[in-house]
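Let me begin by presenting the structure, written as structure tokens, before commenting on it.
The values are calculated or read from the model by the stated rules, or taken from the named source; none is laboratory data. Source: prediction; values computed, not measured. Every residue, glycine as well, gets a Cβ built from its backbone with ideal geometry; the counts of neighbours run over all protein chains shown.
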Amino acid sequence: MTRDFATDPEIAEDLIRRARSERDTDRTGEFSFGDAAIVESWPCRKGCGAMVGVTSAALFALETNNRRLSMMRQPPIGKHQVMWCPECKSADDEEKAAARRPHEQTEIPLTHRRRNA
Ligand SMILES: [Zn+2]
């Protein structure tokens, strides 16, 4: 399979998550005054219109990733392709969970058939 992982928004999201946890003071033991500050808002990648706050770590990760993509002559990942708003994220999670439950649907016709027999 020749899927282009470099331009996959989910890969970008993973990179951003990784960059964020690198700076996670709970893991590094560094002193911190609190959560990383939100420096920008990016539109939800689902296109619902919601804006999602991101930290400087997310900016840095996207910039780094896009620099890498440009060296590979690939189009950059846009800020609108990275973040989920909480509502769209849970809707997407539910969609994926439903897709992993293929057997629930087959029970409906079986029950129906039994009732008519
Ligand atoms: Zn959304």
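The figures follow:
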quantity	calculated
Any hit, the range 89-102, residues being at negative phi, surrounded by 15 or more Cβ atoms within 10 Å (Cβ to Cβ) and out of contact with any strand residue (DSSP E or B) (no Cβ under 7 Å at 6 or more places or on another chain)	yes
Residue that is farthest from the ligand (Cβ to nearest atom) [pool: residues in the range 82-96 that are under 14 Å from GLU13 (Cα atoms) and not charged (D, E, K, R)]	VAL82
Inter-residue pairs, beta-carbon under 9 Å, first part of a helix (DSSP H, G or I) and at pLDDT 80 or above and in the range 8-35, second surrounded by 11 or more Cβ atoms within 10 Å (Cβ to Cβ) and basic (Lys, Arg), 6+ apart	GLU13/ARG45
Odd one out for MET72, checked against (1) hydrophobic (A, V, I, L, M, F, W, C); (2) in contact with a helix residue (DSSP H, G or I) (Cβ under 8 Å, 6 or more places away or on another chain); (3) within 16 Å of the ligand (Cβ to nearest atom)	(3)
